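The values are calculated or read from the model by the stated rules, or taken from the named source; none is laboratory data. The model shown is predicted, which means the values in this text are computed figures rather than measured ones. Counting neighbours? That spans all protein chains shown, and the Cβs are built from the backbone with ideal geometry, glycine included. Just so you know, the surface numbers come from the protein's heavy atoms only, side chains and all, with ligands and any DNA or RNA stripped out. Shrake-Rupley method; radii C 1.70, N 1.55, O 1.52, S 1.80 Å.
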Amino acid sequence: MVPGLLSVLVVSIAAYEICFKKLRNVCDRIEDAEDEEFHRLDYEEERYGAILQCINVVAQVLCIALLGSGYSMRYIHDGRTSLVKFLTACVLFLICFFYCGMAQARYVKLLQKVHPEKKGDIASKDFHKQWLESCDEAEKEAVYQSSYSTYIFSGKLIGILLVVTMIAHLFFNTGVFAIVVVGVIYLCITVKYCVSCVKLKNKS
């Protein structure tokens, strides 16, 4: 676990910092750009922002997978050396998540510096609501369409995952817990979508 987590941490930090530097260069040029160049730089800003988000998520998922595949209560009973290795892995895991959180805050602060109209405190639980309210109509429309597209994709993906987990349990006896978790996620997403639709209909 320790070499794997350390590798993920080092690679993700290097990739993030390189991409963040490129984004900062784009942001420095976007303020004084003319119309045609502005549209190109605006696209570059969005693209690098998406890459940064993906780097963060990939790092977090890999850290969870590495720690989850190796941690066990046996480390506590196998002696001091095993316990030290386990605690080191846990520390690296926490460092990775702490860095991802700080990186996200840096990204938001950079965007708010370039676009002062963007509001929202990254530490607030209402950050996403505040941020969306400060977006213009075109940006809101892009968010709404992307969200709906993501919902449709999630429904299809969860259906596939349900089949995969059921087949895995049938042939490899992986247990029903994975099936239940995927089913609960599917249920929660569907219920949340339906409740949101009803609320919006009631307001209109």
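Side notes on the structure shown:
- Test: GLU36 is loosely packed, with under 12 Cβ neighbours inside 10 Å and either under 16 Å from ALA103 (Cα atoms) or not hydrophobic (A, V, I, L, M, F, W, C) (or both): yes
- Residues within region 131-144 that are open to solvent by less than 60 Å² (accessible area, probe 1.4 Å) and more than 15 Å from GLU46 (Cα to Cα), tallied: 3
- Region 185-204, subset in contact (Cβ under 8 Å) with a residue 12 or more places away in the chain and open to solvent by 70 Å² or more (accessible area, probe 1.4 Å), residue nearest to SER154 (Cα to Cα): TYR186
- Subset of region 159-182 [within 19 Å of SER69 (Cβ to Cβ), outside any helix (DSSP H, G or I) and of a type in the set (Val, Ile, Thr)]: THR174
- Among the residues listed as THR165, THR174, the single one being more than 26 Å from MET102 (Cα to Cα) and touching a residue at least 12 places away in the same chain (Cβ under 8 Å): THR165
- In region 92-127, the residues that are among the polar types (S, T, N, Q) and either assigned to a helix (DSSP H, G or I) or in contact with a strand residue (DSSP E or B) (Cβ under 7 Å, 6 or more places away or on another chain) (or both): GLN104, GLN112
- Residues that are open to solvent by 80 Å² or more (accessible area, probe 1.4 Å) and either in contact (Cβ under 8 Å) with a residue 24 or more places away in the chain or within 17 Å of the chain's Cα centre (by Cα) (or both), drawn from region 107-119: LYS113
- Filtered by the rule that a residue be without any contact (Cβ under 8 Å) to a residue 40 or more places away in the chain and open to solvent by 40 Å² or more (accessible area, probe 1.4 Å), region 85-100 gives LEU87, VAL91, LEU94, PHE97, PHE98.
- Annotation: ALA33 fulfils all but one of (1) over 24 Å from ALA15 (Cα atoms); (2) in contact with a helix residue (DSSP H, G or I) (Cβ under 6 Å, 6 or more places away or on another chain); (3) touching a residue at least 24 places away in the same chain (Cβ under 8 Å); the unmet one is (3).
- Scanning region 1-33 for residues that are over 30 Å from CYS90 (Cβ atoms), open to solvent by less than 100 Å² (accessible area, probe 1.4 Å) and not in a helix (DSSP H, G or I) turns up just one, ALA33.
- Candidate set: region 66-84, residues that are in contact with a helix residue (DSSP H, G or I) (Cβ under 8 Å, 6 or more places away or on another chain), open to solvent by 50 Å² or more (accessible area, probe 1.4 Å) and not hydroxyl-bearing (Ser, Thr, Tyr); chosen: the one modelled with the lowest pLDDT: ILE76
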